[in-house]
Structure formats: structure tokens, C-alpha cells
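Please read the structure below before turning to the comments.
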Amino acid sequence: MEKASGLFIRIVSGLGLDDMMVLQRVKDSWYVLFPQPTGLHMVPTFFKNGTIHLTIESNLWLHELQTRKKDILQKLRPYGVAEIRMKSGYIESLPGGETSTGKTVCGVLCREDAAFIDKTTEALPDGPMKRAFKRTMEKALARKPSAKA
């Protein structure tokens, strides 16, 4: 008789969902792997055939993280990552926002604030103006580090 875990892995692989599972595992561990400030400026966006795609929030951070590519890859290897591709782009939202201890990470919104921003801007048409309003509200409401954290 086959174990349930083996059957589950075969089904997931057969459906092509194994890459999605790896990406989700990386996102769940993101702030543990890359504590602030680094983890706040890059987001894993796609994983396929051992290559993870990271979106970096600015060209300045892209340059900085390109110099640390080997270190980043070393941290991601246990997840099956063999190659990293980085690009500069707009980060809509960061994965999670809390560390494994449950503390809010510096500059990240709590769920209530993120929901407030989404509700407030939902009536605006999609486009640059909506993104600008969201970014402004995110900066205003982002949690700052406390002296105890």
C-alpha cells in the first residue's frame, strides 16, 4: 500500500502544481530567509523548472542584490532553486508581513491596514493614479520598528 504523502506528491506533480508549491513555501519563509531590510525590497513572483524570478522594487536595490546573488541562491537551494532571475518592477504587495514570531516587520502593513487601503482605493480605476494613491497610503500606514522589536 502506498503512503498518502507519496500519492499526494504524484498527484500534485501530475497536475503541474509542484512549482507553485515550492513558490508558496519560499513565500511563507521569506522574512526568515531574508530579514529586513533586504526581504522588504524583493518579492518572489514566479518559479519554474528550478528558476525563481524575483521582482526588485528599484534599480538601486536591483544592483545591490545582483552583487549578493550567490548568497541569495545559497539560502534558496534547500527549496530546489537552482537559478535566480531578477528584474526591477513595481511590488504590489509583499508576501506575508510577519516574521515567524508573529511580529510585524518594519515598513509592512498589518492585515487591517492593507484591507483598509484596498477598500478605500477599490472605486478608483486601475492605472497609475490608483497605484500612486495606494503607495501613498501604504507609506503613511506602514508600521515602524519599535524599540522592543
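Could you line up M21, M42, M129 from fewest to most neighbouring Cβ atoms inside 10 Å? Intermediate results must be reported in sequence, preceding the final value.
Details: M21 14, M42 21, M129 11.
Ordered by Cβ neighbours within 10 Å, fewest first: M129, M21, M42.
Going by how many other Cβ atoms sit within 10 Å of their own, how do L62, L17, L54 line up, fewest first? Write down the numbers at each step before the final one.
Numbers: L62 18, L17 12, L54 21.
Ordered from fewest to most neighbouring Cβ atoms within 10 Å, L62, L17, L54 come out as L17, L62, L54.
Only counting other Cβ atoms within 10 Å, I'd like F133, F47, F34 sorted with the fewest neighbours first.
On the way: F133 14, F47 23, F34 20.
Result, fewest neighbours first: F133, F34, F47.
Here, each number is a calculation from the coordinates, and none is a lab measurement. Bear in mind that the values here come from a model prediction, so they are computed numbers and not experimental data. Backbone-built Cβ (ideal geometry, glycine too); neighbour counts: all protein chains shown.
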